[in-house]
1. Can you pull out the helices (runs of 4 or more DSSP H) entirely within the range 1-94 that have at least 1 residues that are of a type in the set (V, I, T)?
2. Pairs please, first residue from the range 7-24 and under 12 Å from L60 (Cα atoms) and touching a residue at least 40 places away in the same chain (Cβ under 8 Å), second anywhere and in a helix (DSSP H, G or I) and β-branched (V, I, T), Cβ atoms under 6 Å, 6+ apart in sequence or on different chains.
3. In the range 114-128, which residues are part of a loop (DSSP other than H, G, I, E, B) and in contact (Cβ under 8 Å) with a residue 40 or more places away in the chain?
4. Given the criterion out of contact with any helix residue (DSSP H, G or I) (no Cβ under 7 Å at 6 or more places or on another chain) and aliphatic (A, V, I, L, M), identify the matching residue among A111, A65, A99, A87.
5. How many residues does the range 117-161 contain that are closer than 21 Å to Y21 by Cα and acidic (D, E)?
6. Of all residues in the range 134-169, which are polar (S, T, N, Q), free of Cβ contacts under 8 Å to residues at least 40 places away in the same chain and surrounded by 13 or more Cβ atoms within 10 Å (Cβ to Cβ)?
7. Please pick out the residue among T131, T148 that is at pLDDT 85 or above, among the β-branched types (V, I, T) and either assigned to a helix (DSSP H, G or I) or over 30 Å from A65 (Cα atoms) (or both).
Amino acid sequence: MESDALRAVLLGIALLAFAIYLGGAVSMELMLRFAQEDLPGPQTAITCKVSGDLWKWIALVSLSATGLSVAVMLFLRSPMLPSGWYALAVGGFGASWIALMSILVKMSFRAHPALAFRPDPSMPPEEFAETRQALKRAIRRMDLLLRTELGIAIFMGACLSVIADLAMQ
């Protein structure tokens with residue numbers, strides 16, 4: 001009985017943390033992108049920096065809470081290896097969790113900082129053009145990472161729903 005209650009609490013933590021993560025990923029991709037379209041360049045840069053810095057920590061905490069609570073819940077269910085659909089869901093969840101954490105690290109330490117550099121109008125024209133091209137590449141890279149993140153997160157949610165269903169049986 002205690003184990004069932006603990007599994008239910010862990011499942012609730014996992015689902016809540018994942019809902020926060022997925023909701024944040026969707027709002028970063030859909031709402032924030034459209035909100036930035038009408039902003040001048042410098043304001044877009046500041047908005048991206050502030051929201052990206054905040055999102056990095058929210059995503060790290062929510063993904064960590066999701067992964068940790070699912071790991072403990074799986075261990076409580078049975079210390080033996082899962083099989084069948086459950087094994088596929090656990091494997092998919094684990095792979096997607098690793099992929100999302102990797103994307104988060106890449107966005108935090110490479111893609112996001114590359115967006116912070118802006119060309120200075122006093123630069124020589126060749127250097128200014130090169131800097132603008134580098135910024136455009138950084139924006140495309142970030143767009144690709146954000147869309148990949150969203151796709152993997154949706155897959156992870158499907159795996160989590162199978163785990164949740166089977167964990168409470």
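The values are calculated or read from the model by the stated rules, or taken from the named source; none is laboratory data. Owing to the predicted nature of the structure, the values given are computational and were not obtained by experimental measurement. In this analysis, Cβ positions are derived from the backbone assuming ideal geometry, glycine residues included, and neighbour counts consider all displayed protein chains.
1. In the range 1-94, the matching helices (runs of 4 or more DSSP H) lie at 2-26, 41-77.
2. From residues that are under 12 Å from L60 (Cα atoms) and touching a residue at least 40 places away in the same chain (Cβ under 8 Å), the pairs are A17/T66; F18/T66.
3. Listed by number, the list holds a single entry, R118.
4. Testing whether each residue is out of contact with any helix residue (DSSP H, G or I) (no Cβ under 7 Å at 6 or more places or on another chain) and aliphatic (A, V, I, L, M) leaves just A87.
5. 2
6. Across the range 134-169, the qualifying residue is only S161.
7. Among T131, T148, only T148 is at pLDDT 85 or above, among the β-branched types (V, I, T) and either assigned to a helix (DSSP H, G or I) or over 30 Å from A65 (Cα atoms) (or both).
Rundown of residues vs (1) surrounded by 14 or more Cβ atoms within 10 Å (Cβ to Cβ); (2) of a type in the set (V, I, T); (3) more than 20 Å from the chain's Cα centre (by Cα), yes/no style:
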| position | (1), (2), (3) |
| --- | --- |
| D38 | no, no, yes |
| P42 | no, no, yes |
| W57 | no, no, no |
| G84 | no, no, yes |
| V90 | yes, yes, no |
| L104 | yes, no, no |
